[in-house]
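Colleague: Structure below; questions to follow.
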């Protein structure tokens, strides 16, 4: 059904609710997963350098997720005010 509105104020809000930290949380989760894969591969081939790099990437991912979570909490608090 095609709805037409004479007044822009009456249009339903269709913009997605995005928080600034959501991207950091997603990137962090992907980095954490990639780090786990790299660390596991390092374990399989007995490569300490690969294990270390995987562990570091995993830790970086967890930090990014925490940053994103904090940004989202701050955004939620400022939106409520």
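Colleague: I'd like the residue in segment 62-71 that is under 9 Å from the mean Cα position of the chain (by Cα) and surrounded by 17 or more Cβ atoms within 10 Å (Cβ to Cβ) and, out of all such residues, is farthest from residue 30 (Cα to Cα).
Modeller: 68
Colleague: Quick one: would you say residue 74 is assigned to a helix (DSSP H, G or I) and surrounded by fewer than 13 Cβ atoms within 10 Å (Cβ to Cβ)?
Modeller: no
Colleague: Could you say whether any residue in segment 49-70 is modelled with pLDDT under 95, over 20 Å from residue 23 (Cα atoms) and part of a helix (DSSP H, G or I)?
Modeller: no
Colleague: Take residue 45 and decide whether it is under 17 Å from the mean Cα position of the chain (by Cα) and either modelled with pLDDT of 95 or more or loosely packed, with under 15 Cβ neighbours inside 10 Å (or both).
Modeller: Working: under 17 Å from the mean Cα position of the chain (by Cα): no; either modelled with pLDDT of 95 or more or loosely packed, with under 15 Cβ neighbours inside 10 Å (or both): yes.
Criteria not met by residue 45.
The values are calculated or read from the model by the stated rules, or taken from the named source; none is laboratory data. All values reported here derive from a predicted model rather than from experimental measurement. With ideal geometry, Cβ positions are generated from the backbone for all residues, glycine too; neighbour counts draw on all protein chains shown.
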